1. Spot the failing condition for Pro187; the list is (1) more than 13 Å from the ligand (Cβ to nearest atom); (2) farther than 23 Å from Ile506 by Cβ; (3) in contact with a Phe, Trp or Tyr (Cβ under 7 Å, 6 or more places away or on another chain), and only one is missed.
2. Those residues that are closer than 14 Å to Asp250 by Cα and within 19 Å of the chain's Cα centre (by Cα), I need them from the range 336-360; list them, please.
3. Could you grab me the full set of residues in the range 413-437 that are of a type outside the set (Ser, Thr, Tyr), surrounded by fewer than 17 Cβ atoms within 10 Å (Cβ to Cβ) and out of contact with any His (no Cβ under 8 Å at 6 or more places or on another chain)?
4. Please state which one of Gly132, Gly210 is within 21 Å of the chain's Cα centre (by Cα), within 16 Å of the ligand (Cβ to nearest atom) and surrounded by fewer than 16 Cβ atoms within 10 Å (Cβ to Cβ).
5. From Lys298, Lys252, Lys280, Lys261, which residue is at pLDDT 95 or above, out of contact with any Lys or Arg (no Cβ under 9 Å at 6 or more places or on another chain), farther than 16 Å from Leu330 by Cα and not hydroxyl-bearing (Ser, Thr, Tyr)?
6. Just checking, does the range 227-243 include any residue being under 23 Å from the mean Cα position of the chain (by Cα), more than 30 Å from Thr355 (Cα to Cα) and modelled with pLDDT of 95 or more?
7. Quick one: is Arg103 surrounded by fewer than 18 Cβ atoms within 10 Å (Cβ to Cβ), farther than 18 Å from Val204 by Cα and within 14 Å of the ligand (Cβ to nearest atom)?
Amino acid sequence: MTFIDLRDRYGITQIVTEEDPGVGREWVIQVEGTVVERENKNAKMTTGEIEIKLDKLNILNKAQTPPFTIEELSDGGEDIRAKYRYLDLRRAPLQRALALRHRLAQEIRTYLDGQGFMEIETPYLIKSTPEGARDFVVPSRMNPGEFYALPQSPQTFKQLLMVAGYDRYFQIVRCFRDEDLRADRQPEFTQIDCEMSFVEQEDVLNTFEGMMRTMFKNALGVDIPNPLPRMCWYDAMDNYGSDKPDVRFDMKIHEISELVKGKGFGVFDGAEYIGAIAVKGCAEYTRKQLDELTEWVKRPQVGAKGLVYIKLGAEGIKSSVDKFYTPDELKKVAAAAGAGEGDLVLILCGAKRKTQTQLGVLRIEMGNRLGLRDPHNFAPLWVVDFPLLEWDDETQRFYAMHHPFTAPKPEHLDWFYSDKKEDLERVCANAYDFVLNGTELGGGSIRIHNADMQSRMFEVLGIGKEEAEYKFGFIINAFKFGAPPHGGLAFGFDRVCALFGGQETIRDYIAFPKNNMGRDVMI
Ligand code: ASP
């Protein structure tokens, strides 16, 4: 739809008065006339080549002055634009965002249909299934005091469809999770949810790599590598401090414990792990900049206790721990971190995984500061071989890293049936995440399809026999009736759309999103 500005040309200027300038109004009109070439062409306007010579103009509906100007970059402010979302949606960036979303949805359906997948709907009013978040609940009028839960995902239903013999299922489906909201989270969001029978991890990865490749090609004209790179979870954590590594830039994390321990610096001597990143070309960072960076890593969102640096500047090596190390020793550390002349080495220490994660956050921050994270440069990969379980110190129990329906790797079954914590911690799963530019766009796993193994999983998770029977009896039972081996995954569709559009926030890719208090202020 194109709005043609006819206000001051065809006799409707009389409505524009000083008190009521009518700026930005979008009247609904019907015109009859002839399209002619324009004398003064304006290449900047979509309609800049033509004029319409009017014979008749009919005003179908007048418009009030909108509360903000409807243009490419609006100055309206978040709140006011959210209140008038239907006006915001008229703006070109949002029209482009929703058009991209539509295009991607069509590409997904065409691709999966072509691969023999069937789109099957699953219910929204269900019994709670655990996926790690809190449920939204809906009271039942017919059963007072009882509640339905809204699905966090169709996980159990899609597995039941596999038992039922629908061996390639997909659905573009709404999911509901009562979690704290961020730029890339909404209480209700959309998944591309998929499941396949008689498959191994390789089949799932190939199928959905193909889907992503088609989407990139057909919606953006971008070719992604074939095959996609794969990274094992342990390498992702060790080298990038994240299970969703941004591989658009290098700046890997290096362990330097061996090099710096035992030289009298107590903080390092007492640490389980000491790691460093090399920031290219930042040796000239000033005292003030380094102090600011130190404060930055101490913020609760990062949680480091302090920051040690080595600068490889033109006038030689400088470090915050000069007292404990000779220039030669510092040089060795810098080299181990991958730094050369002109670079800055940033060092954190503490418990291993925690420190790696902090270094990972710092790495992303430095990547942002150095402009290394161009949103139109796409670096997708699979992260594979996740641990099956995650120990939680606070509650003193294991949690499923992905969800309780994920199968242990067959070669780790002895550990899975062991009672020792160290054994259980070592169990890996055929679980995988699709990662793009530092964001997890999707994830899935090969599932348990055997009733005894599923019961064992609940036992490992500290869910007693009775509770497991009460909560999950239906799926454990289903596995007793010839359940095929199966696996699948789900992509976060809103995130896929946002990243394809070169944005981090998903709100522009949802027609009617909620704000970070979970409210739709328009309604
Ligand atoms: N149901 C899972 C999720 O929402 C995805 C999957 O395992 O297929 O993360």
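1. Of the numbered conditions (1) more than 13 Å from the ligand (Cβ to nearest atom); (2) farther than 23 Å from Ile506 by Cβ; (3) in contact with a Phe, Trp or Tyr (Cβ under 7 Å, 6 or more places away or on another chain), the odd one out for Pro187 is (2).
2. Passing the criteria: only Gly360.
3. Within the range 413-437, Leu413, Asp414, Asp419, Lys420, Lys421, Glu422, Asp423, Glu425 qualify.
4. Numbers: Gly210 fails: within 16 Å of the ligand (Cβ to nearest atom).
One residue alone meets the criteria, Gly132.
5. Lys280 is the lone residue from the list that is at pLDDT 95 or above, out of contact with any Lys or Arg (no Cβ under 9 Å at 6 or more places or on another chain), farther than 16 Å from Leu330 by Cα and not hydroxyl-bearing (Ser, Thr, Tyr).
6. Yes.
7. For Arg103, the condition - surrounded by fewer than 18 Cβ atoms within 10 Å (Cβ to Cβ), farther than 18 Å from Val204 by Cα and within 14 Å of the ligand (Cβ to nearest atom) - is not met.
Residue by residue, here is whether (1) in contact with a Leu (Cβ under 9 Å, 6 or more places away or on another chain); (2) charged (D, E, K, R); (3) within 17 Å of Val267 (Cβ to Cβ); (4) modelled with pLDDT under 95 holds:
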site: Asp343; (1), (2), (3), (4): yes, yes, no, no
site: Leu348; (1), (2), (3), (4): yes, no, yes, no
site: Thr355; (1), (2), (3), (4): yes, no, yes, no
site: Gln358; (1), (2), (3), (4): yes, no, yes, no
site: Val361; (1), (2), (3), (4): no, no, no, no
site: Met366; (1), (2), (3), (4): yes, no, no, no
site: Asp374; (1), (2), (3), (4): no, yes, no, no
site: Ala379; (1), (2), (3), (4): yes, no, no, no
site: Trp382; (1), (2), (3), (4): yes, no, no, no
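The values are calculated or read from the model by the stated rules, or taken from the named source; none is laboratory data. Because the structure is a prediction, the values reported are computed rather than measured. Cβ sites come from the backbone with ideal geometry, for glycine too, and all protein chains shown count toward neighbours.
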